């Protein structure tokens, strides 16, 4: 719901109209005669009701934004599973926990260290502004190549054909939506709610 100060005549959200109605109702309430003053009450109630609905709509929108801010701009979905994607100017990072969940695996800390050693230290990170441990794009491909299940092939194709090309196009275009959700060079993740 957008709020029109002028233009676009939607009586429920046009603030200029609300001001005119309140002004006329105020004049009638002050200068009106007898029962005519009571006619101001429905007009004032109508405007106040619109403002209450506008406020509740704004509150709902803010709650929705706050609830989804962690996923906003980084959300990708593979067969109903959420996969968090992070990026900077040179690399794309995929949350390890999401990769393991999609594949139906739950490696313990020792197994995760083995996976990190297998894909290489530069392709597995658990710091540098990332909210969680992540594979680089090359690291996740190395990990998926080491698994021989059909699910891993489908997931790998999804990453190669849908996720990485989208991030790369945004990176090359340098558009604002891409920059809004990329990792900062200072080591902190940019926040979508700023």
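The values are calculated or read from the model by the stated rules, or taken from the named source; none is laboratory data. Here the structure is a predicted model, which means the values were calculated and not measured. FYI the Cβ positions are ideal-geometry reconstructions off the backbone, even for glycines, and counts take in every protein chain you see.
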Looking at (1) at pLDDT below 80; (2) loosely packed, with under 11 Cβ neighbours inside 10 Å; (3) part of a helix (DSSP H, G or I), find the lone condition where residue 171 falls short.
-> (2)
Exactly one of (1) at pLDDT below 80; (2) exposed (fewer than 14 other Cβ atoms within 10 Å of the Cβ) is unmet by residue 183. Its number?
-> (2)
